[in-house]
Amino acid sequence: MSKKLLAWAIILSASACIAWIAGLIIFIHTTPIKAESLTRNTSTDAVIVLTGGTKRISTALDILYNNKAQKLFISGVGKGVDVATLLILSGRLPDNIATYIKHIELGYNATNTQENALEIAQWIKTRDINSAYIVTANYHIHRTLLEIRHLLPDLNIIPYPVFVEQVPVERWWQHPGTFLLLASEYNKYMVRRANMIFSTDTQYYL
């Protein structure tokens, strides 16, 4: 390789690294760092929660119990798990359980974020749902919204990120595990975003 080509290769590599670091920093600093509360006044047609992390289901149930949503859809539930079992495991078992069970539906087909979005889109398109809270972990909210908005551009979404104590985003530089998790989420986000821009056929399951 000539010195000129080597110099260009170094410049391009350095530019790519700088762009990646800058994008990651923006990604991290736009990630919510405080737990949400039920002080919102907005009521929606549904609250939708993606399984896979602590406090997600219990948070979504609180939204339903506080009459901020008419229906609850839980995406990515394990095979054989029913609504009653989930309520017991969540620790949010109401006295009038029969009142709420009929408003809760489960999705069993999703095993990753993209499949969650597909499952959610299928559920919404067969019901009269125009607005929804979307509940997932704070570090996962960017990619979740990207996937759902790609399939449901007309849905009025209210993000409801759940704060995860084990992932201190506000002090990410002090915790290597948190940094690696956020970097992984950022990489997956960028891959999916690029795929959506440049391809309409190929699907990546991350």
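The values are calculated or read from the model by the stated rules, or taken from the named source; none is laboratory data. None of the values given here were measured: they were computed from a predicted structure. Cβ atoms come from the backbone with ideal geometry, glycine included; neighbour counts cover every protein chain shown. Side chains are part of the model used for accessible areas, which takes the heavy atoms of the whole protein and leaves out ligands, DNA and RNA. Shrake-Rupley method; radii C 1.70, N 1.55, O 1.52, S 1.80 Å.
Do we find that G23 is in contact with a helix residue (DSSP H, G or I) (Cβ under 9 Å, 6 or more places away or on another chain), within 30 Å of H175 (Cα to Cα) and not in a loop (DSSP other than H, G, I, E, B) in this structure? So G23 fits the description; yes.
Answer yes if at least one residue in the range 85-100 is surrounded by fewer than 19 Cβ atoms within 10 Å (Cβ to Cβ), of a type outside the set (S, T, Y) and either in contact with a Ser or Thr (Cβ under 9 Å, 6 or more places away or on another chain) or under 23 Å from N156 (Cβ atoms) (or both), and no otherwise.
yes
Counting only helices (runs of 4 or more DSSP H) that fall entirely inside the range 48-105 and contain at least 2 residues that are more than 21 Å from I120 (Cα to Cα), the qualifying elements are 83-90, 97-101. For L64, work out the one condition from (1) open to solvent by less than 40 Å² (accessible area, probe 1.4 Å); (2) under 15 Å from P159 (Cβ atoms) it doesn't fulfil. The number of the failed condition is (2). Residues in the range 168-182 include at least one that is touching a His at 6+ places or on another chain (Cβ under 9 Å), part of a loop (DSSP other than H, G, I, E, B) and surrounded by fewer than 22 Cβ atoms within 10 Å (Cβ to Cβ). Against the numbered list (1) of a type in the set (A, V, I, L, M); (2) buried (at least 19 other Cβ atoms within 10 Å of the Cβ); (3) over 16 Å from T59 (Cα atoms), V164 comes up short only at (3). If Y108 satisfies every condition in (1) farther than 15 Å from T51 by Cβ; (2) open to solvent by 10 Å² or more (accessible area, probe 1.4 Å) but one, which is the exception? All conditions pass for Y108, except number (1). Quick one: is L72 open to solvent by less than 60 Å² (accessible area, probe 1.4 Å) and either out of contact with any helix residue (DSSP H, G or I) (no Cβ under 7 Å at 6 or more places or on another chain) or of a type outside the set (S, T, N, Q) (or both)? When the stated conditions are applied, L72 passes them.
Annotation note: Cβ proximity below 6 Å between a residue of the range 165-188 that is closer than 19 Å to R143 by Cβ and a residue that is among the aliphatic types (A, V, I, L, M) and not in a helix (DSSP H, G or I) (sequence gap 6+ or interchain) occurs for V169/I33; T178/V167; K188/L206. Of all residue pairs spaced 6 or more apart or on separate chains, those with beta-carbon atoms under 8 Å, a first member in the range 81-96 that is among the polar types (S, T, N, Q) and a second member that is open to solvent by less than 30 Å² (accessible area, probe 1.4 Å) and not in a loop (DSSP other than H, G, I, E, B) are S90/S58; S90/L61.
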